[in-house]
1. Which of the residues that make up region 71-97 are hydrophobic (A, V, I, L, M, F, W, C) and at pLDDT 85 or above?
2. Report, ordered by the first and then the second residue, all pairs with beta carbons closer than 7 Å, sequence separation of six or more or different chains, a first member in region 113-127 that is assigned by TED's automatic domain parsing to the domain that holds residue 101 and within 28 Å of residue 23 (Cβ to Cβ), and a second member that is of a type in the set (Asp, Glu) and surrounded by 15 or more Cβ atoms within 10 Å (Cβ to Cβ).
3. Starting from region 85-106, keep only residues that are under 27 Å from residue 22 (Cα atoms), then list their pairs with residues that are among the small types (Gly, Ala, Ser) and not in a helix (DSSP H, G or I) whose Cβ atoms are within a distance under 7 Å, requiring at least 6 positions of separation or different chains.
4. Quick check on region 125-139. Is at least one of its residues more than 23 Å from residue 206 (Cα to Cα), assigned to a strand (DSSP E or B), touching a Gly at 6+ places or on another chain (Cβ under 8 Å) and of a type in the set (Ser, Thr, Tyr)?
5. Can you work out which of the residues in region 203-256 that are assigned to a helix (DSSP H, G or I) and basic (Lys, Arg) is nearest to residue 44 (Cα to Cα)?
6. In region 193-247, what count of residues is obtained for those that are over 21 Å from residue 5 (Cβ atoms) and without any contact (Cβ under 8 Å) to a residue 12 or more places away in the chain?
7. How many residues, within region 128-140, are within 27 Å of residue 102 (Cα to Cα) and either hydrophobic (A, V, I, L, M, F, W, C) or not assigned by TED's automatic domain parsing to the domain that holds residue 153 (or both)?
8. Please go through (1) at pLDDT 85 or above; (2) farther than 26 Å from residue 129 by Cα for residue 171 and return the number of the only condition it doesn't satisfy.
Amino acid sequence: MPLENLLILIEKLQKRIDSHGDALRQSEALTRYALIDPLLRELGWDIEDPDVVVPEYRVQNNQIADYVLYYDGDPVIVIESKKLAEPLQGGKALDQGILYCAYTGAGYFTLTDGNSWELYESGKTSPITSFDLTNESAAGTCLKALALWRPSVIAGQIAVGATPVIGLPEKPGDNALTIRSSKEKTEVSQTQELIDINQATAKDLERLPSIGPGTALLIVDYRDENGPFKQIEDITKVRDIGTKTFEKLSSHITIT
């Protein structure tokens, strides 16, 4: 997931909140569809794959968790969603999150109204981190949102440490996005790495933009059934990969 893609999405969601705030404040379903689902998807959680995300997870006594995020068959994060601008603190939301974690065995839970996000460790009542799409810069939000990035969760690196500084492109066409903290400096560029789609595993393919676990498996299955790709454009023959997705992939993939 290039950071630039996440930055672009956050800017898009900010505009969506500004344009459709009244409707979003009236509907949790619309908030989930328009704000929460796109961000989860960009952070590597394939919401169409029930091995990765289970919506409307039945807990106990007919209680429903809005989302349960999985890794390797185990629940890792429970998400309780609210309609836009509905308070996250107070009421039953926090208690529900703790209860749902205890029931599912997930180590973390998140409360969100699509704009404000709070991430908690199971059993704790103070958030590990929080971010707001509209009350801070898109760049700052982008970095904080990485706490929910699927590889971070899998690696157990959810907690956000030192406050980072983000260097945005200074020139048009400069796609590099640089993150600097007191501990490290990492540069992510759209042209930094090419993934060989004839050699890559499903896990390798998940690192590509717009490719979740389900689509990665479709690519591997197609390759196993039809042989190596002869040109990178052939990836559009895989189900769920159209022209728009290929445009995002083309600068990141190669063949041998």
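The values are calculated or read from the model by the stated rules, or taken from the named source; none is laboratory data. Note that the coordinates shown come from a computational prediction; the quantities given were computed from them, not determined experimentally. Using ideal geometry, Cβ is built from the backbone for each residue, glycine included, and neighbour counts are taken over all protein chains shown.
1. 76, 77, 78, 79, 84, 85, 88
2. Matching pairs, first to second residue: 113/86; 127/118.
3. From residues that are under 27 Å from residue 22 (Cα atoms), the pairs are 88/116.
4. No: region 125-139 contains no residue that is more than 23 Å from residue 206 (Cα to Cα), assigned to a strand (DSSP E or B), touching a Gly at 6+ places or on another chain (Cβ under 8 Å) and of a type in the set (Ser, Thr, Tyr).
5. For region 203-256, the residue satisfying everything is 203.
6. 6
7. Residues that pass the stated criteria total 2.
8. (1)
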